[in-house]
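Novice: Take this structure, written in structure tokens, and hold onto it; I'll ask about it next.
Readers should treat all values here as calculations from the given coordinates under stated rules, not as data from a laboratory. Quick caveat, the model's predicted, so the values are computed rather than measured.
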Amino acid sequence: MTRSQANVIRAFVLWTAFVWLTRISNILRDDHDASFKVVHTGLALVSIVLAAGAWIVIARVRRATVARTDARREPTPDLSAR
């Protein structure tokens, strides 16, 4: 995964968290039934947890990609000089 691909997914993660946090604060302040508030808060929590999971997966994939790229760049030791 390239850095730009990871950044696109990170942008969606941040957007998801922003939208749900804003939405939940509005829902909790508005005049809704308790069941409506519970259901939508649950939806928000699930969405935010999934977004956090995506962020963690992206970080691990990027770390592995960078490590592979760095390993290819390291020169091999010259054993014929012995």
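Novice: Quick check: the angle from helix 34-73's long axis to the longest principal axis of the chain, C-alpha only, nearest 10 degrees?
Specialist: 10
Novice: Still on this structure, I have one more. Based on the Cα coordinates of the stretch 1-43, what is the per residue volume of their convex hull in Å³? Numbers along the way, then the final one.
Specialist: Working: hull volume 2.1 nm³, N = 43.
Each residue corresponds to 48 Å³ of Cα convex hull volume.
Novice: Suppose a student asked you for the relative contact order of the stretch 3-74, using Cα pairs under 8 Å spaced at least 6 residues apart; what percent would you report?
Specialist: Numbers: 25 pairs, mean separation 32.9, N = 72.
Over the stretch 3-74, the number comes to 46 percent.
Novice: Helix 3-29 versus the longest principal axis of the chain: what is the Cα-based angle in degrees, 0 to 90, to the nearest 10?
Specialist: With rounding to tens, the tilt is 20 degrees.
Novice: Compare A71, A11, A52 in a GNM of the chain, Cα atoms joined below 10 Å, and give the one with the largest fluctuation.
Specialist: A71
Novice: Continuing with the same structure: log₁₀ I(q)/I(0) of the chain at q = 0.20 Å⁻¹, via Debye over equal Cα point scatterers, no solvent, to two decimals?
Specialist: Scattering profile of the chain, log10 relative to I(0): -0.89.
Novice: Mind checking which of T16, T69, T41 has the largest fluctuation in a GNM of the chain, springs on alpha carbons under 10 Å?
Specialist: Evaluated over the chain, the most mobile residue of the options is T69.
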